[in-house]
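K.L.:
Submitted below is the structure of interest, expressed as structure tokens.
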Amino acid sequence: MGVVIDGERCTGCPRAQDPPCVRACPGDVLQRVEGKVGCRSPGECWDCAACLKACPHGAAALVLPLTLGGGAGVRLMARSRADVTEWSLEWPDGRQETFVTHTRERR
């Protein structure tokens, strides 16, 4: 399905030479154009979610296929912090579900 960028949330990270999401993309399918980030070739997106975790504004989302999302149009989003990543699923009807994964060993 590929990544989608919310144009209202995306700032294009103007102070960065390359936005964090563009740098994180192993498939090199994201680019900044006219101050915003977009996917130049959605069919080549690996669905790896690296850009979701890298975006400081939560503007990147993956539209999950029917078999993974349990319904058409389910979006997966992420917010990374120093020690956790908060994953959110958002259904077209507005329902949301959140999961937290720890990115560093807790002591």
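K.L.:
Answer yes if at least one residue in segment 40-57 is within 11 Å of the chain's Cα centre (by Cα) and without any contact (Cβ under 8 Å) to a residue 24 or more places away in the chain, and no otherwise. Break it down into steps so the answer makes sense when it comes.
P.N.:
At the first step, the residues of segment 40-57 found to be within 11 Å of the chain's Cα centre (by Cα) are 47-57.
Next, from what is left, pick out any that are without any contact (Cβ under 8 Å) to a residue 24 or more places away in the chain: 48.
Looking through segment 40-57, at least one residue is within 11 Å of the chain's Cα centre (by Cα) and without any contact (Cβ under 8 Å) to a residue 24 or more places away in the chain.
K.L.:
State whether the residues of segment 69-90 include one that is under 21 Å from ASP18 (Cβ atoms), at pLDDT below 90 and of a type in the set (D, E, K, R).
P.N.:
Yes, there is a match, as at least one residue in segment 69-90 is under 21 Å from ASP18 (Cβ atoms), at pLDDT below 90 and of a type in the set (D, E, K, R).
K.L.:
Residues in segment 1-34 that are part of a loop (DSSP other than H, G, I, E, B), open to solvent by 30 Å² or more (accessible area, probe 1.4 Å) and closer than 25 Å to GLU90 by Cβ: how many?
P.N.:
7
The values are calculated or read from the model by the stated rules, or taken from the named source; none is laboratory data. Just so you know, these numbers come straight off a predicted model, no measurement behind them. With ideal geometry, Cβ positions are generated from the backbone for all residues, glycine too; neighbour counts draw on all protein chains shown. Accessible surface areas use protein heavy atoms only, side chains included; no ligands, DNA or RNA. Shrake-Rupley method; radii C 1.70, N 1.55, O 1.52, S 1.80 Å.
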